[in-house]
Ligand SMILES: Nc1nc2c(ncn2[C@@H]2O[C@H](COP(=O)(O)OP(=O)(O)OP(=O)(O)O)[C@@H](O)[C@H]2O)c(=O)[nH]1
Ligand SMILES: [Mg+2]
Ligand SMILES: [Zn+2]
């Protein structure tokens, strides 16, 4: 049977059969490995798998289909192993609040850079528009303009006063990864979009997670009407922490990459080298200062990890 892995709990996997049958709990043999990936979890949420049922009634995952993309993070232990958070993602949605709490532009830019690195389309969803002051609304508009000018889709909503018709099309029929700082309204949005059925599950798993900070279990929540899934991953805070080489970081900042092509040296890090085309662009406003600062902050991470 072919199915979609919608939940992992460490040793078992919940699989939704592709033919529409009921959910199945399946296991993976200890020696099961995917070629080329050193991962602590061979099967991830979002994977399409083959499941075989044995005469004793147990279900076993025997094969994994090639992934379109996947999001990994380095495992908590110090080995070089990685942990796959989710596979086959259509889009990564970042919930942003300009106030209550403030989402920093560095956080947004790290998210976007990571999405670029994984080649996952990114969408910014600005939340809590119902409680913003005029000044904060102006900030929201400025941020929207900035990110739209870079080619990112952005929307402004209030998850507590949600008109499902306006947000549902964004999620319908797609596998979306929902991310954002604590308190920005991820659970609220998930409940509003996915419907009441999901609420309980979300609350349960949230409680579960708060008791175990190292949890790496992910879950996909199916959406009613239009299909699609939202993946809520507790560990997704680490979505900003892919291992990047210094020289490649600017590739993940669209406009810095574009301006950087005119730098005199191909390996220019845009830190003041002779003939750098990026710094003049920052000075003239072609590149937003906040974006350049986020770029510097990611470069700084690289320096740090060298000494770790
Ligand atoms: N006024 C207002 N409050 C909101 C909105 N969306 C969420 N909230 C409130 O913000 C608080 C945090 O919302 P949650 O949905 O729990 O946030 P979260 O992102 O899931 O937070 P974590 O689970 O800690 O990561 C709750 O009190 C929500 O009711 C909104 O659009 N407007
Ligand atoms: Mg939550
Ligand atoms: Zn340069």
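The values are calculated or read from the model by the stated rules, or taken from the named source; none is laboratory data. No experiment lies behind these values; they were computed from the predicted model shown. Please note: Cβ atoms are built from the backbone with ideal geometry, for glycine as well, and neighbour counts cover all protein chains shown.
A few remarks follow.
- Enumerated helices (runs of 4 or more DSSP H) restricted to the range 197-308, each holding at least 3 residues that are modelled with pLDDT under 95: 246-249, 289-306
- Identity of the residue in the range 111-146, touching a strand residue (DSSP E or B) at 6+ places or on another chain (Cβ under 6 Å) and within 16 Å of ligand 2 (Cβ to nearest atom), that ends up nearest to residue 98 (Cα to Cα): 127
- Restricting the range 112-158 to residues that are within 16 Å of ligand 1 (Cβ to nearest atom) and in contact (Cβ under 8 Å) with a residue 60 or more places away in the chain, the residue that is nearest to residue 285 (Cα to Cα): 125
- Every condition in (1) at pLDDT below 90; (2) buried (at least 22 other Cβ atoms within 10 Å of the Cβ); (3) more than 16 Å from residue 90 (Cβ to Cβ) holds for residue 108 except the one numbered (1).
Matching residues to (1) part of a loop (DSSP other than H, G, I, E, B); (2) modelled with pLDDT of 90 or more; (3) buried (at least 17 other Cβ atoms within 10 Å of the Cβ):
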position	(1), (2), (3)
32	yes, no, no
36	yes, no, no
52	no, yes, no
57	yes, yes, no
66	yes, yes, no
77	yes, no, no
89	yes, yes, yes
100	yes, yes, no
103	yes, yes, yes
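- Residue that is farthest from ligand 3 (Cβ to nearest atom) [pool: residues in the range 157-176 that are assigned to a loop (DSSP other than H, G, I, E, B) and within 21 Å of residue 99 (Cβ to Cβ)]: 162
- The range 262-278, residues that are surrounded by 12 or more Cβ atoms within 10 Å (Cβ to Cβ) and over 18 Å from residue 109 (Cα atoms): 262, 263, 268, 273, 276, 277
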